[in-house]
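**Student:** Below are the structure tokens for one structure; questions will follow.
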Amino acid sequence: MTEALLSELLVIDLSRGVAGAYCCLLFRHLGAEVVRADSPNQSSAGEPYLNAGKKSITLDASRPEGAVLLRRLAEHADVLVTDDLPSNLEYAALSRQNPRLVLTRITNSPSNDDGRFSAYFTGLNAFVATMLPLVKMAILGRGQQVEVDGAECLAAAAFVADGRRTEVQRAEGEGDEALPPAPFKIIGLAPLTPAPLPGEHNDEVYCGLLGLSGEELSHLTEASII
Amino acid sequence: MYRLPLAAYRVLDLGPTRAVAYAARLLGDAGAEVIAVDRETVMATPRSSGYRQVNRNKLGCTLDFATPSGAGLLRRLVSLCDVVIDGFDATEREQLGLNYDALRASRPDLIVASIDGGHGRDSSLDDVVAGTAAAAAACAALLHHRDTGEGQHVEVDARDCLRSFVGGSGGVVSLPAREELPADSRLRERRFFEPVSTMSGVEEMPALPWRFSLTPCHVRLPAPEPGQHNRYVFGLLGLSEAEMADLEREGVIGAILE
């Protein structure tokens, strides 16, 4: 069996923090197609290798035209991961258009000051929590909304791990900028290409997937929506 | 109204590490029927708070699967499970005859999650991270099984896992102070702590940090007393009362409790 495990899955990465980006990277490791939506006005935050293998589009979802595009994208998606869902979008509306959508919202997403562990651990939790409705889909026939709270993830860990402080030794020959390997060995892991430039796949996603014309695309670009 | 996410699945927790117990607990929290197998058929050590945390939402049986008849019972139990989680080292796994191919002989589409390098009595941060990673891999394998009918062997290395989370340069990871958390007003407001009835009264336990809109998960069961569910588990195998009594006398299984 050479085919990637989750190659049929389309995941939209609408996250700003590291936890959401790491959650979506795990989906990418398993072969899902991941489209990362970056804000057109700022460069992609965090560690660039977290976006390895993803496709990148630019999208200002806080503006009405941008929200329309995001809703259209969510119609095609299996999973949407966000830590900052724009107020003009909500699960009820998204799921009316696409009942199979799993919307994962990360609340209290760890900031850079909280350290990489907190963010990665929350991202791993978000990944498991997103897999469960996908497994359940066969029986339920529909998706659901999942909320994963960063502070609760760490609190849950504190009740299980003995000792508050853990020293972790430097890994041999590994730099900080290395792509973190998938934390498990499983058949169907996909090799990852380097992280895309923001907006590198605008044409492919907007015109190819959503069927926008070249004219519409340049109009949206001029208006800084994408 | 809707059943738990993993309500259709049965998981076997073979231990012996806390990483394995935590992985199995997460699947149990999500609704799988988890059977934890304790190899000590004679109850010895008192159960710590950490033990109770990582074994909630499970059924417990005592079975010495190092004995030939115990190994036979374990094979029959494996054939009734969708997922087996184990943390044996390579030597022990061979000695017990519990490598992937041997397990799969009991059930061809079995999913086996093996965690290398967890700890026994105490849980360290590696156990928590590796347990979560193993639960993730098991869910991915369940998704694949649902689509193809195929099982597989997934593996997690506890040390590598934590190291990759901290980054190449290493460092110190601090968790919140456990004893201060029950007073945390935000966690209280979010009902992060759930009451669960135990033999010694009602205890509060932290909930799963994942909230599902259609299939909410809760703390349903406290950690089992050793062998608490022997009658149910060995009943699944079709053993008669007389057979159970013989096995109990031979020390292959622990006491059959009422």
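**Student:** Return the total of residues in the stretch A:1-22 being surrounded by fewer than 24 Cβ atoms within 10 Å (Cβ to Cβ), more than 14 Å from every other protein chain (Cβ to nearest Cβ) and under 17 Å from A:V102 (Cβ atoms).
**Tutor:** 1
**Student:** For residues that are of a type outside the set (D, E, K, R) and under 15 Å from A:S15 (Cα atoms), tally how many sit in the stretch A:78-98.
**Tutor:** First, pick out the residues of the stretch A:78-98 that are of a type outside the set (D, E, K, R): A:79-82, A:85-89, A:91-95, A:97-98.
Next, only the ones that are under 15 Å from A:S15 (Cα atoms) stay: A:79-82, A:85-87, A:89.
Looking only at that region, the number is 8.
**Student:** Among the residues of the stretch A:130-165, which ones are of a type in the set (G, A, S) and touching a helix residue (DSSP H, G or I) at 6+ places or on another chain (Cβ under 9 Å)? Break it down into steps so the answer makes sense when it comes.
**Tutor:** To start, the set of residues in the stretch A:130-165 that are of a type in the set (G, A, S) comprises A:138, A:141, A:143, A:150-151, A:155-158, A:161, A:163.
A:A138, A:G143, A:G150, A:A151, A:A155, A:A156, A:A157, A:A158, A:A161, A:G163, listed by residue number.
**Student:** A further question follows. With the structure loaded, tell me whether B:S169 is of a type in the set (G, A, S), within 30 Å of A:I187 (Cα to Cα) and surrounded by 21 or more Cβ atoms within 10 Å (Cβ to Cβ) or whether it fails that test.
**Tutor:** Numbers: of a type in the set (G, A, S): yes; within 30 Å of A:I187 (Cα to Cα): yes; surrounded by 21 or more Cβ atoms within 10 Å (Cβ to Cβ): no.
It is false that B:S169 is of a type in the set (G, A, S), within 30 Å of A:I187 (Cα to Cα) and surrounded by 21 or more Cβ atoms within 10 Å (Cβ to Cβ).
**Student:** Taking the condition out of contact with any strand residue (DSSP E or B) (no Cβ under 8 Å at 6 or more places or on another chain), hydroxyl-bearing (S, T, Y) and more than 7 Å from chain A (Cβ to nearest Cβ), does B:S123 pass? Break it down into steps so the answer makes sense when it comes.
**Tutor:** On the way: out of contact with any strand residue (DSSP E or B) (no Cβ under 8 Å at 6 or more places or on another chain): yes; hydroxyl-bearing (S, T, Y): yes; more than 7 Å from chain A (Cβ to nearest Cβ): no.
Spelling it out, it is not the case that B:S123 is out of contact with any strand residue (DSSP E or B) (no Cβ under 8 Å at 6 or more places or on another chain), hydroxyl-bearing (S, T, Y) and more than 7 Å from chain A (Cβ to nearest Cβ).
Table: residues versus (1) closer than 22 Å to B:Y9 by Cβ; (2) part of a loop (DSSP other than H, G, I, E, B).
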site	(1), (2)
B:Y51	no, no
B:C61	yes, no
B:F65	yes, yes
B:G70	no, no
B:L73	yes, no
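**Student:** Quick one: which of B:L208, B:L181 is surrounded by 23 or more Cβ atoms within 10 Å (Cβ to Cβ) and either facing chain A (nearest Cβ under 10 Å) or within 21 Å of the chain's Cα centre (by Cα) (or both)?
**Tutor:** Working: B:L181 fails: surrounded by 23 or more Cβ atoms within 10 Å (Cβ to Cβ).
Step by step, each of B:L208, B:L181 is checked, and only B:L208 is surrounded by 23 or more Cβ atoms within 10 Å (Cβ to Cβ) and either facing chain A (nearest Cβ under 10 Å) or within 21 Å of the chain's Cα centre (by Cα) (or both).
**Student:** Can you work out which of the residues in the stretch A:16-38 that are at pLDDT below 95 and in contact with an Asp or Glu (Cβ under 6 Å, 6 or more places away or on another chain) is nearest to A:K55 (Cα to Cα)?
**Tutor:** Ranking the candidates gives A:R16 first.
**Student:** Moving to a separate point now. Yes or no: the stretch A:141-161 includes at least one residue that is facing chain B (nearest Cβ under 7 Å), surrounded by 19 or more Cβ atoms within 10 Å (Cβ to Cβ), among the hydrophobic types (A, V, I, L, M, F, W, C) and part of a strand (DSSP E or B).
**Tutor:** Checked against the condition, which is being facing chain B (nearest Cβ under 7 Å), surrounded by 19 or more Cβ atoms within 10 Å (Cβ to Cβ), among the hydrophobic types (A, V, I, L, M, F, W, C) and part of a strand (DSSP E or B), the stretch A:141-161 yields at least one hit.
**Student:** Ok, one more. Hey, among B:P222, B:P216, B:P176, which residue is farther than 28 Å from B:D109 by Cβ, assigned to a loop (DSSP other than H, G, I, E, B) and under 19 Å from the mean Cα position of the chain (by Cα)? Before the answer, list the steps.
**Tutor:** Working: B:P216 fails: under 19 Å from the mean Cα position of the chain (by Cα); B:P176 fails: under 19 Å from the mean Cα position of the chain (by Cα).
Testing whether each residue is farther than 28 Å from B:D109 by Cβ, assigned to a loop (DSSP other than H, G, I, E, B) and under 19 Å from the mean Cα position of the chain (by Cα) leaves just B:P222.
**Student:** What is the residue count in the stretch A:84-124 for residues that are charged (D, E, K, R) and at pLDDT 95 or above?
**Tutor:** Residues of the stretch A:84-124 that are charged (D, E, K, R), as a first pass: A:84, A:90, A:96, A:100, A:105, A:113-114, A:116.
Next, from what is left, pick out any that are at pLDDT 95 or above: A:96, A:100, A:105.
Adding up the residues that qualify gives 3.
**Student:** Say we look at the stretch B:126-150 and pick out the residues that are surrounded by fewer than 22 Cβ atoms within 10 Å (Cβ to Cβ) and more than 7 Å from chain A (Cβ to nearest Cβ); which of these is modelled with the lowest pLDDT?
**Tutor:** Here the answer is B:D147.
**Student:** I've got another one for you. Suppose we filter the stretch B:118-137 for residues that are in contact with a Ser or Thr (Cβ under 7 Å, 6 or more places away or on another chain) and either in a helix (DSSP H, G or I) or charged (D, E, K, R) (or both); how many remain? Outline the logic, then answer.
**Tutor:** Of the residues in the stretch B:118-137, the ones in contact with a Ser or Thr (Cβ under 7 Å, 6 or more places away or on another chain) are B:118-120, B:124-125, B:127.
Filter again for either in a helix (DSSP H, G or I) or charged (D, E, K, R) (or both), leaving B:125, B:127.
Here the count works out to 2.
**Student:** If A:G175 satisfies all but one of (1) at pLDDT 90 or above; (2) out of contact with any strand residue (DSSP E or B) (no Cβ under 7 Å at 6 or more places or on another chain), what's the number of the condition it fails?
**Tutor:** The one condition A:G175 does not meet is (1).
**Student:** How many residues, within the stretch B:153-173, are in contact with a Phe, Trp or Tyr (Cβ under 9 Å, 6 or more places away or on another chain), at the interface with chain A (Cβ under 7 Å from one of its Cβ atoms) and either closer than 30 Å to B:L80 by Cβ or not in a loop (DSSP other than H, G, I, E, B) (or both)?
**Tutor:** 10
**Student:** Among A:S118, A:S39, which is the only one that is of a type in the set (S, T, Y) and either under 22 Å from B:R163 (Cβ atoms) or under 11 Å from the mean Cα position of the chain (by Cα) (or both)?
**Tutor:** Details: A:S39 fails: either under 22 Å from B:R163 (Cβ atoms) or under 11 Å from the mean Cα position of the chain (by Cα) (or both).
Only one candidate passes the filter, namely A:S118.
**Student:** Considering the stretch A:97-123 alone, what residues qualify as being away from chain B (no Cβ under 12 Å) and over 21 Å from B:R211 (Cβ atoms)?
**Tutor:** A:Q97, A:S111, A:N112, A:D113
**Student:** Name the one entry in A:E204, A:E216 that is in contact (Cβ under 8 Å) with a residue 40 or more places away in the chain and of a type in the set (D, E).
**Tutor:** Details: A:E216 fails: in contact (Cβ under 8 Å) with a residue 40 or more places away in the chain.
The match here is A:E204.
The values are calculated or read from the model by the stated rules, or taken from the named source; none is laboratory data. This structure is a prediction, so every number in the text was calculated from the model and none was measured. Ideal geometry is used to build each Cβ from the backbone, glycine not excepted, and the neighbour counts take in all protein chains shown.
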